Amino acid sequence: MRKIQMVDLKSQYEKIKNTVNASIQEVLDTTTYINGPLVHEFQKNLEQYLDVKHVIPCANGTDALQIAMMGLDLKPGDEVITADFTFAATVEVIALLQLTPVLVDVDLVNMNISIEAIKKAITPKTKAIVPVHLFGRAANMEAIMRIANEHNLYVIEDNAQAIGANCKFSDGTKKKAGTIGHVASTSFFPSKNLGCYGDGGAIFTNDDELAHKIRGIVNHGMYVRYHHDVVGVNSRLDSIQAGVLNAKLPLLDEYGKARQDAARKYSAAFEGHQHIVAPTICDICDCHVFHQYTLRITNGKRDQLMEHLQSKQIPCAIYYPIPLHSQKAYVDSRYKEEDFPVTNQLVKEVISLPMHTELDNEQIKYITDSVIEFFK
């Protein structure tokens, strides 16, 4: 059996080696390292894939989220609602811009932001909602957009983990995660479903005016060289990373299907086990592209299971062990523990198993057998 990796980027690279190497060599030969032709080519290809009017590449996913907020002219003190159960980057950029983060609980089943919690958190100071499409599963964007429209709020999708996922609406239409809100961000960190070989990110929007502003922000506020029209930052996707992403983008749906197939095999093996809650898989709308495959362990022995798997040379991880409202940087007297029952439960129960495009049946069987063995 091949060694089990949490993410097997090497095996993935071997299958696309010639295409990736040719793209990198093109950049080296032309020396177009920044804003070269491959960056613009990737931008256009991703716009077409997502069916979105504007993709603005940038240096990383955290920059993408910050720049998206900068483009909306949010003011210090404006309240921004987001999920308590997610990676810190989401709340980090809110704080960096001197906005007021409002953390709310999540749904126990899909682990995305709770619709009811959003409704309860809205005040006259609320200006935006940041849903996170966690672990590759699209949030309930139809309900979120309905709330946003009722209260005249911006919606900024944090799509760092769910590129390629679909959101299905009640009228039967589908849209890609990241193309529904006013603006969205994504990350191309190497382990993402669409990952480069360094840092990278992008912002998406269908708003022409907002896209124009953001294109200036990512480049020091310039539209004409040395003319700084807005306060900006330096955040650009380099050409080598664009070349890698261009090689992978045509395979993104194939990658998603490979992850979904692995998830089905995992879940089939765990079906009926009393203390294992597996993620649900929707075969109708592809709303989950499984950036992570995350179980809930309900008998209080999650940490012992982790030790057991590690003893079997099976990598695993806890995403996320501490709620954001309990992190030292974001502690606030506004937050009460009783407001976060689901998040406080999830941080004690969740464990993520290896998930990537190269998982084979032998590896999946060894992993699932090892999990089940622990409960015996």
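The values are calculated or read from the model by the stated rules, or taken from the named source; none is laboratory data. This one's a predicted model, so the numbers in the text were calculated from it and none came from an experiment. For neighbour counting, all protein chains shown are included, and Cβ atoms are generated from backbone atoms with ideal geometry for every residue, glycine included. Surface accessibility is based on the protein's heavy atoms, side chains included, excluding ligands, DNA and RNA. Shrake-Rupley method; radii C 1.70, N 1.55, O 1.52, S 1.80 Å.
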*Is there a residue in the stretch 192-204 that is open to solvent by 30 Å² or more (accessible area, probe 1.4 Å), among the acidic types (Asp, Glu) and within 28 Å of residue 319 (Cβ to Cβ)?*
yes
*In the stretch 337-360, which residue that is without any contact (Cβ under 8 Å) to a residue 40 or more places away in the chain and in contact with a helix residue (DSSP H, G or I) (Cβ under 9 Å, 6 or more places away or on another chain) is nearest to residue 295 (Cα to Cα)?*
344
*Give the residues of the stretch 8-29 that are loosely packed, with under 15 Cβ neighbours inside 10 Å and of a type in the set (D, E, K, R), sorted by residue number.*
10, 14, 15, 17, 29
_Positions within the stretch 204-226 being part of a loop (DSSP other than H, G, I, E, B) and out of contact with any Asp or Glu (no Cβ under 9 Å at 6 or more places or on another chain), in sequence order_ = 206, 207, 220, 225, 226
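Here's a check for you: in the stretch 286-299, which residue that is over 21 Å from the mean Cα position of the chain (by Cα) and of a type in the set (Val, Ile, Thr) is farthest from residue 368 (Cα to Cα)?
Step by step, filter the stretch 286-299, then rank; the result is 298.
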*Of the residues that sit in the stretch 315-371 and are of a type in the set (A, V, I, L, M) and farther than 30 Å from residue 80 by Cα, which one is most open to solvent (accessible area, probe 1.4 Å)?*
359
*Mind listing just one residue for me: the one in the stretch 212-241 that is hydrophobic (A, V, I, L, M, F, W, C) and in contact with a strand residue (DSSP E or B) (Cβ under 7 Å, 6 or more places away or on another chain) and, of those, nearest to residue 34 (Cα to Cα)?*
237
*Unmet criterion (only one of (1) touching a His at 6+ places or on another chain (Cβ under 9 Å); (2) modelled with pLDDT of 95 or more) for residue 282*: (2)
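Check every one of the helices (runs of 4 or more DSSP H) wholly within the stretch 30-111 and list those with 1 or more residues that are surrounded by fewer than 16 Cβ atoms within 10 Å (Cβ to Cβ) and not polar (S, T, N, Q).
Correct list: 37-50, 89-96.
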*Quick one: count up the residues across the stretch 96-152 that are without any contact (Cβ under 8 Å) to a residue 12 or more places away in the chain and polar (S, T, N, Q).*
2
*Find the residue count for the stretch 241-290, including only residues that are open to solvent by 20 Å² or more (accessible area, probe 1.4 Å), assigned to a loop (DSSP other than H, G, I, E, B) and of a type in the set (A, V, I, L, M, F, W, C).*
5
_Subset of the stretch 205-218 that is touching a residue at least 12 places away in the same chain (Cβ under 8 Å) and out of contact with any helix residue (DSSP H, G or I) (no Cβ under 7 Å at 6 or more places or on another chain) - its residue that is surrounded by the fewest Cβ atoms within 10 Å (Cβ to Cβ)_ = 208
*Could you tell me whether the stretch 55-71 includes any residue that is out of contact with any strand residue (DSSP E or B) (no Cβ under 7 Å at 6 or more places or on another chain) and of a type in the set (Val, Ile, Thr)?*
yes
*Is one or more of the residues making up the stretch 126-147 surrounded by fewer than 22 Cβ atoms within 10 Å (Cβ to Cβ) and closer than 19 Å to residue 330 by Cα?*
yes
*asked:* Quick check on my filter: what residues within the stretch 89-131 are closer than 15 Å to residue 185 by Cβ and polar (S, T, N, Q)?
replied: 90
